[in-house]
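J.: Take this structure, written in structure tokens, and hold onto it; I'll ask about it next.
Every number in this text was worked out from the coordinates using simple rules, so none of it is lab data. Small disclaimer: the values here were computed from a predicted structure and weren't measured. Please note: Cβ atoms are built from the backbone with ideal geometry, for glycine as well, and neighbour counts cover all protein chains shown.
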Amino acid sequence: MSLTGSLRTTKRRMENALTPATYAEGDMDILTKLKKEHREVQLLLTELVNSETASERKSLLRQIKQALVPHSRAEEKVVYDAVRALRDRDARQDGEEGYLEHGLADRMLATLGKSSAASVEFAAAAKVLRELLNHHIREEESNIWSDVKDNFSDEEREQMNRDFESAKKKVKIPA
Ligand SMILES: [Fe+2]
Ligand SMILES: [Fe+2]
């Protein structure tokens, strides 16, 4: 592990050790967890768009896939499917829209994976992915989140977070 990598791990361990038991991962509201992961992936996307070397781009693409793919699959299963099962027509449409946008993001990831990391095609696809996800996250945090807040209790949202965590563990990341 690189020096920065091990420093980061140490920092994370210290943060975890300092987190009171009442704020254990499983007790978190699903929306708090999703927001945290959105910010992480948005940061990586900005780094990807600004990166210029092929090796840096490859490493960032790998990190983005590892963060985004489990997030998206688990979110579909735990959040979108719950919203699609509601009676409210707008909520059901929000869930459908989320699935479609995740599909577009998957396609951009596949395009990035096939492009040479030094190429203009890669740079273009990185920008498109960032724009797409910034739009997606903005809408998700306003529309889907209102659907979740209006229809699920605090306890249900904590349970959703636990389900989200276990669903993420089962996701296979495509090469
Ligand atoms: Fe999300
Ligand atoms: Fe999403």
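J.: Find out how many positive minus negative residues lie around residue 134, taking Lys and Arg as positive, Asp and Glu as negative, among other residues whose Cβ is under 15 Å from that of residue 134.
T.: -3
J.: Explain nothing, just the number: dipole magnitude of the chain about its Cα centre with +1 on each Lys and Arg Cβ and -1 on each Asp and Glu Cβ, in debye rounded to the nearest 20.
T.: Values: 30 positive and 32 negative charges, 201 e Å.
So the dipole magnitude of the chain works out to roughly 960 debye.
J.: Related question: Report the longest stretch of the chain that contains none of the trypsin sites (Lys or Arg not before Pro) sitting in a DSSP loop with at most 11 other Cβ atoms within 10 Å.
T.: Free of exposed loop sites, the longest segment is 1-86.
J.: So what's the net charge close to residue 82: Lys and Arg +1, Asp and Glu -1, counting the other residues with Cβ under 13 Å from its Cβ? Walk me through the intermediate numbers first.
T.: Working: positive: 77, 84, 87, 92, 149, 157; negative: 75, 76, 81, 88, 94, 147, 150, 156, 163.
Surrounding charge for residue 82 is -3.
J.: Now for a separate question. Could you tell me what fraction of 2.2 N^0.38 Å the Cα radius of gyration of the chain comes to, as a two-decimal ratio? Could the numbers behind the result be given before it?
T.: Working: Rg = 17.2 Å, N = 175, 2.2 N^0.38 = 15.7 Å.
Against the empirical 2.2 N^0.38 Å value, I get 1.10 for the chain.
J.: Can you give the local net charge around residue 157? Use residues other than it whose beta-carbon is closer than 9 angstrom to its beta-carbon, Lys and Arg +1, Asp and Glu -1.
T.: Result for the local shell: -4.
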